[in-house]
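Engineer: To start, I am sharing the structure in question, which I have written as structure tokens.
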Amino acid sequence: MDSEEVMVEMEETGKSSDSQPGLRIILIGEREAGKSAVGNAILGSKVFDAVGVRTREAVKRQREVAERQVTVVDTPGWEWFPSRGSSLGVRREIVRGVSLCQPGPHAVLLVVPLSFSFTKRERQAAEEHVELLGERAWGHTVVLFTVKGGRLKDATLEEEVEESEELQGLVERCGGRYQALYGRSRKGHDAVAELLEKLDNMVAKNRGELLSSEEVLEEAREKEEEEERRHQEEDREREEDLRRVKEALRELEMEEVTEEVQGEGGEATEESTRQQRGRRRYTDEKSDIVESSSADPTSAPPHLTWSDLRAIRDQKCKTQ
């Protein structure tokens, strides 16, 4: 489980009824959002990982709730701190989670903790991960806020959302649908029943349409292949830049040496030879810097920038 357990009282479930269709739910959210605790609350039992245990792969659990079969799939959370987002493994597990509730989930619960400020970067990360399931996923998504005791002591949930531009924007992407589960159950308040009712209303509005597992998996496969092609093309471009830069630096060095030799009557002095060796070392060092930087295109060489190197390369190309 990802966070402090959300304790919510639930009524004991009875026997299933043919009049009540099943409900399939997938939980997604950043690390420590409380997804596993939400799954336990919905199913009324500690069927997911214990408090403090990180979810590392998509897991399916199901029970009878309110006289119907409810399936919940818990997924690993993405890292919220690193700006580069979640790992490929986390993204794949989220997509795989959809395949665990064939033929597809009725609802996506985007779990967001209200234990700290919700930033623009966190909103972007949440949107990116919802869209792993396709653009249509927004029509099946409800934002579920996990609230620790006392977090909303001086404000209502509505006020909390309205006061945050990022929360408001995220909720709007989900058609205005949001709900909360509280760390401490409130007397006379059945938060899970309210959540299930909201999900039922959404399913009815969608006329029972599912978020097709087959379509999600196919779209995810196409996106991954496209991303791989893009990475390969970027690698080829960096390698070509590196080759041209090295060539430009070598030719620049040779031109300077030639000019010095000609200026001395065609005889290379000891001083010019020493300078030539120094420039060669300089060129080799810069080539090494460029080569190491090509592994991480976001990092610039400390003394010679990519702009400098491209300028040298372009100057050479013009003279050809």
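Engineer: Restricting attention to segment 102-121, report how many residues are in contact with a Leu (Cβ under 9 Å, 6 or more places away or on another chain) and closer than 22 Å to ILE25 by Cβ.
Structural biologist: In the first step, residues of segment 102-121 are kept if they are in contact with a Leu (Cβ under 9 Å, 6 or more places away or on another chain); the result is 103-112, 114, 118.
Cutting the leftovers down to closer than 22 Å to ILE25 by Cβ gives us 103-112, 114.
Residues that pass the stated criteria total 11.
Engineer: Identify the residue in segment 119-148 that is surrounded by 19 or more Cβ atoms within 10 Å (Cβ to Cβ) and polar (S, T, N, Q) and, among all such residues, is farthest from LYS198 (Cα to Cα).
Structural biologist: Taking the candidates together, the pick is THR146.
Engineer: (1) part of a helix (DSSP H, G or I); (2) modelled with pLDDT under 95; (3) among the hydrophobic types (A, V, I, L, M, F, W, C): which one isn't true of LEU152, the others all being true?
Structural biologist: Unmet for LEU152, out of (1) part of a helix (DSSP H, G or I); (2) modelled with pLDDT under 95; (3) among the hydrophobic types (A, V, I, L, M, F, W, C): (1).
Engineer: Also: Test of understanding: among GLU239, GLU253, GLU259, which residue is at pLDDT 65 or above, open to solvent by less than 80 Å² (accessible area, probe 1.4 Å) and not basic (Lys, Arg)?
Structural biologist: GLU253
Engineer: Also, I was wondering about something else. Can you name the residue in segment 75-117 that is among the aromatic types (Phe, Trp, Tyr) and touching a strand residue (DSSP E or B) at 6+ places or on another chain (Cβ under 6 Å) and is also modelled with the lowest pLDDT among such residues? Please lay out each step first, then the result.
Structural biologist: In the first step, residues of segment 75-117 are kept if they are among the aromatic types (Phe, Trp, Tyr); the result is 78, 80-81, 116.
Checking which are touching a strand residue (DSSP E or B) at 6+ places or on another chain (Cβ under 6 Å) leaves us with 78, 80.
Working: TRP78: 91, TRP80: 67.
Restricting to residues being among the aromatic types (Phe, Trp, Tyr) and touching a strand residue (DSSP E or B) at 6+ places or on another chain (Cβ under 6 Å), the top hit is TRP80.
Engineer: Okay, next question. Quick check: is even one residue across segment 220-230 without any contact (Cβ under 8 Å) to a residue 40 or more places away in the chain and within 16 Å of LEU114 (Cβ to Cβ)?
Structural biologist: no
Engineer: Here's another thing I want to ask about it. Hey, LYS223 hits all of (1) at pLDDT 85 or above; (2) surrounded by 12 or more Cβ atoms within 10 Å (Cβ to Cβ) but one; which does it fall short on?
Structural biologist: (1)
Engineer: Being under 16 Å from GLU32 (Cα atoms) and either small (Gly, Ala, Ser) or modelled with pLDDT of 95 or more (or both), is that true of even one residue in segment 134-148?
Structural biologist: Yes, there is a match, as at least one residue in segment 134-148 is under 16 Å from GLU32 (Cα atoms) and either small (Gly, Ala, Ser) or modelled with pLDDT of 95 or more (or both).
Engineer: I want to confirm something. Restricting to segment 1-32 and keeping residues that are at pLDDT 90 or above and closer than 19 Å to GLU122 by Cβ, which single residue is surrounded by the most Cβ atoms within 10 Å (Cβ to Cβ)?
Structural biologist: My answer is LEU27.
Engineer: Within segment 100-107, is there a residue that is assigned to a helix (DSSP H, G or I) and open to solvent by 10 Å² or more (accessible area, probe 1.4 Å)?
Structural biologist: No: segment 100-107 contains no residue that is assigned to a helix (DSSP H, G or I) and open to solvent by 10 Å² or more (accessible area, probe 1.4 Å).
Engineer: Among (1) crowded, with 17+ Cβ neighbours inside 10 Å; (2) modelled with pLDDT of 90 or more, which single condition is ASN206 missing?
Structural biologist: All conditions are met except number (1).
Engineer: What is the residue count in segment 52-79 for residues that are aliphatic (A, V, I, L, M), surrounded by 14 or more Cβ atoms within 10 Å (Cβ to Cβ), out of contact with any Pro (no Cβ under 9 Å at 6 or more places or on another chain) and under 26 Å from GLU122 (Cα atoms)?
Structural biologist: So the count comes out to 2.
The values are calculated or read from the model by the stated rules, or taken from the named source; none is laboratory data. Predicted model only: the values in this text are computed from it and were never measured. Here Cβ is always computed from backbone atoms with ideal geometry, including for glycine, and neighbour counts include all displayed protein chains. These accessible areas exclude ligands, DNA and RNA; they are computed on the full protein's heavy atoms, side chains included. Shrake-Rupley method; radii C 1.70, N 1.55, O 1.52, S 1.80 Å.
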